[in-house]
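Scroll down for the structure; my scribbles are underneath it.
Taken together, the values in this text are just the output of simple stated rules run on the coordinates, not laboratory data. For clarity, every value in this text was computed on a predicted model and none was experimentally measured. Please note: Cβ atoms are built from the backbone with ideal geometry, for glycine as well, and neighbour counts cover all protein chains shown.
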Amino acid sequence: MEFEKFYLVTAYIPNSGQKLDRLDYRIKNYDKCFQAHCEDLRKKKNTIICGDLNVCHK
């Protein structure tokens with residue numbers, strides 16, 4: 001969502017699976033695309049990221 005002074009990004013980020021079989025895809029593809037998108041938004045105005053990010057695989 002775009003607000004006057006910031007963007008609000010909320011997302012469900014898929015986990016890497018019980019056996020981490022999707023971890024390589026997450027690190028090399030999904031995470032990089034999501035990060036690039038958020039960085040593009042950040043260049044325009046402050047950006048808040050929230051949601052179910054599934055960030056820790058250990």
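Measuring r between the beta carbons of Gln18 and Asp40 and using R0 = 30 Å, the FRET efficiency lands at 0.35. For region 12-21, the Karplus equation 6.51 cos²θ - 1.76 cosθ + 1.60, evaluated at θ = phi - 60°, returns couplings of 9, 9, x, 7, 9, x, 4, 9, 6, 5 Hz by residue, with Gly and Pro reported as x. For the chain, state which chymotrypsin sites (Phe, Trp or Tyr not before Pro) are in a DSSP loop and have at most 13 other beta carbons lying within 10 Å of their beta carbon. When the chymotrypsin sites (Phe, Trp or Tyr not before Pro) of the chain are filtered for loop state and at most 13 Cβ neighbours within 10 Å, Phe3 remain. Structural size metrics of the chain, computed from C-alpha coordinates, are Rg and Dmax of 13.1, 42 Å. Take every Cα pair under 8 Å whose residues are at least 6 apart in sequence, average their separation, divide by the length of the chain, and the relative contact order is 55 percent. So how many Lys-Lys pairs in the chain land under 21 Å Cα to Cα, not counting same-chain pairs under 8 apart? Eligible lysine pairs with Cα atoms under 21 Å apart amount to 10. Estimated from helices alone, the mean residue ellipticity of the chain at 222 nm is -8000 deg cm²/dmol (sum of -39500 (n - 2.57) over DSSP H runs with n ≥ 4, per residue).
Remark on Ile48: its backbone amide H falls under 5 Å from those of Tyr7, Leu8, Val9, a criterion applied only to residues 5 or more positions apart or on other chains, H modelled at 1.01 Å from N. Rounded to whole numbers, the Karplus 3J(HN,Hα) couplings from phi for region 22-33 are 10, 4, 4, 4, 4, 5, 8, 10, 4, 4, 5, 5 Hz, using 6.51 cos²θ - 1.76 cosθ + 1.60 with θ = phi - 60°, and x at Gly and Pro.
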